[in-house]
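Quick notes on the structure that follows.
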Amino acid sequence: MTVKPEAYSVLDSIRSALGAFNELSKSVVIVGWSQGAHAAISASLLASQYAPDLRLRGTVATGIPGAAPFAPATKAAQIPARRLYGGTNVRVEAFYLLTFRALDPAFAPSEYLSDEARLVFEAARTSCNADIAAPG
């Protein structure tokens, strides 16, 4: 869930495919689901800087986990989708916070967590995935 590495990996993979198959067009549409959706959006946001040689024609991103660091401007229709499970996936959210802290040691998750959520975060930091559950 880090923007530059995901974006560069997607864009480099497109370049690699173009280099291996001369019959492919440099006009591309990037499609991704879940973490791939985050990678697709990241690639789309950085394509003009990192891969100006590619002609990005569109991006399809579904099931995006978490929130992108910034929302891309779009004129596309936004289609609401129903949630596939109820509530919050506390394991994933706790691991996001651990990732943010690993990227920036000054990041203090406790500033963003309730007392109950701090317990979940501590379990994520010190336990196996199966041991992490919502309080209560």
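Number of residues in the range 105-136 that are touching a Lys or Arg at 6+ places or on another chain (Cβ under 7 Å), in a loop (DSSP other than H, G, I, E, B) and at pLDDT 75 or above equals 1.
For the range 20-40, filtering for residues that are closer than 13 Å to Lys4 by Cα and modelled with pLDDT of 90 or more leaves 2.
The values are calculated or read from the model by the stated rules, or taken from the named source; none is laboratory data. Just so it is clear, the model here is predicted, and its values are computed rather than measured. Virtual Cβ from ideal backbone geometry, glycine too; neighbours counted across all protein chains shown.
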